[in-house]
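Read the structure below first, then the notes.
The values are calculated or read from the model by the stated rules, or taken from the named source; none is laboratory data. Values in this document were obtained by computation on a predicted structure and should not be read as measured data. Because the Cβ atoms are built from the backbone with ideal geometry, glycine has one as well, and the counts that use them run over all protein chains shown.
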Amino acid sequence: MTLLERVSRDLVAACWLKAELFSPRFRPRVIAALKRCGLSSRVIQRPVLTSVRENRLRRQVLRFHRRDLWGALSHRTEWWRAVIPPQEFRRLRVINYPTWTLLSRDTGRLSTAATVIARGTVPARATGRWAHEARAVITNVLQIRDRLPEVEIHNQLILMGRPTGRLWTILEGNKRATALYIGHFLAKTAPLPPAIRVLIGLTEERCACLRLK
C-alpha cells in the first residue's frame with residue numbers, strides 16, 4: 001500500500017454517505033436519517049467540505065445511519081488516501097460481521113467470500129436472519145458484477161488496519177469489492193486498475209469490525 005495524503009474524518013464521512021446513498025440495501029436508511037435531520041440529499045451528493053455546519057450535519061446523519069460502525073471508530077484514527085496494487089487487493093479481508101463471516105467460511109478473506117458468492121448459493125449452515133441476509137448480499141453482489149465495468153468500484157472502498165499491519169479490512173464497499181474480485185479474478189471479464197484508490201483508517205485502538213489475521 002502507498003499512502004498518498006492525510007485526509008479528514010469529515011471527508012471520509014462524506015464519501016461513506018455518498019457510497020451508501022446509492023446502495024440498494026442502505027439507501028432507505030440514509031434517506032430516513034436525512035429526513036430525521038431535516039436535510040436534503042444535496043449535502044451528500046454535492047458536499048461542501050469547507051462548511052463546518054455541513055460537516056457536523058453529515059456526521060450526525062452517519063451516526064443515525066451507522067451508529068453500530070461509525071460510532072465505534074476511534075477519533076484518534078488517522079485517515080489517508082492511498083493506493084493498493086492488485087496483489088494486495090486479493091489479500092483484503094471482509095468486515096468482521098456474521099453475514100460476511102458465513103460467506104467467507106470463517107476465514108474473513110475477500111477471496112473466499114467471492115468464490116462462495118459467485119456460486120450463488122447460501123452456505124448450508126446459515127439459518128434464520130443470517131440466511132436471509134446472506135441471500136440479500138449474494139443478490140446485490142451479483143447485480144453489481146453484472147454492471148461491471150460501468151460501476152466505479154475501486155474509487156470508494158474504505159478500509160481500516162493497523163499502522164504497522166499488512167492486512168486491511170473493508171469497512172465500506174464489501175459488496176463492490178467482492179463484485180470486482182469475481183469479475184476480475186474469477187470470471188476474468190472486468191479489468192482491474194494497476195493501482196486501486198482507497199481511503200484507509202489506521203488505528204492502534206481495538207475495533208470489533210477489524211480482522212487481524
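Worth a mention:
- Only one entry of R119, R197 meets the criterion of being of a type in the set (K, R) and out of contact with any His (no Cβ under 7 Å at 6 or more places or on another chain), and that entry is R119.
- Among the residues making up segment 107-125, those that are part of a helix (DSSP H, G or I) and under 15 Å from N140 (Cβ atoms) are A113, A114, V116, I117, A118.
- Only helices (runs of 4 or more DSSP H) whose full extent lies in segment 38-106 are considered here, and the ones with at least 3 residues that are outside the structural domain of L157 (by TED's automatic domain parsing), at pLDDT below 95 and within 17 Å of the chain's Cα centre (by Cα) are 52-66.
- Residues that are of a type in the set (K, R) and assigned to a helix (DSSP H, G or I) were ranked within segment 15-37; the one that is surrounded by the most Cβ atoms within 10 Å (Cβ to Cβ) is K18.
- Contacts under 6 angstrom Cβ, first residue in segment 189-213 being over 14 Å from L157 (Cα atoms) and surrounded by 13 or more Cβ atoms within 10 Å (Cβ to Cβ), partner at pLDDT 90 or above and basic (K, R), 6 or more apart: R211/R93
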